[in-house]
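The values are calculated or read from the model by the stated rules, or taken from the named source; none is laboratory data. From a predicted model like this one, the values you see are computed outputs, not experimental measurements. Neighbour counts are summed over all protein chains in view; Cβ atoms, including those assigned to glycine, are modelled from backbone coordinates with ideal geometry.
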Amino acid sequence: MAAIPMNRPPAPPSKLRAMVESIARLPPVQAEALRMIYEEGMTFSEASERLGTTQVCMRLRSHRACKTLRAELDADALRR
């Protein structure tokens, strides 16, 4: 469902490092939601079933994680 587009050029190592560092700072439940949905390719339904929570909760965790990452990475870009 939420596959990462493969037609983009690879990100520079500095951006990848910033992304990995930002993900590491996320609350564990948000990082796990991202991993299950974007890395493993699970649907919100599959991920919520595995964790014993609701789809709404998984969507919220994913949304909050993406919002936090976007803010951190944008702030990091402005500092450079």
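Of all the criteria given as (1) among the charged types (D, E, K, R); (2) more than 11 Å from the chain's Cα centre (by Cα); (3) modelled with pLDDT of 90 or more, the one not satisfied by R61 is (2). Answer yes or no: is there a residue in the stretch 34-54 that is part of a helix (DSSP H, G or I), of a type outside the set (A, V, I, L, M), surrounded by fewer than 11 Cβ atoms within 10 Å (Cβ to Cβ) and modelled with pLDDT of 95 or more. No, the stretch 34-54 contains no residue that is part of a helix (DSSP H, G or I), of a type outside the set (A, V, I, L, M), surrounded by fewer than 11 Cβ atoms within 10 Å (Cβ to Cβ) and modelled with pLDDT of 95 or more.
Is it the case, given these coordinates, that A31 is without any contact (Cβ under 8 Å) to a residue 12 or more places away in the chain, out of contact with any strand residue (DSSP E or B) (no Cβ under 9 Å at 6 or more places or on another chain) and of a type in the set (G, A, S)?
no
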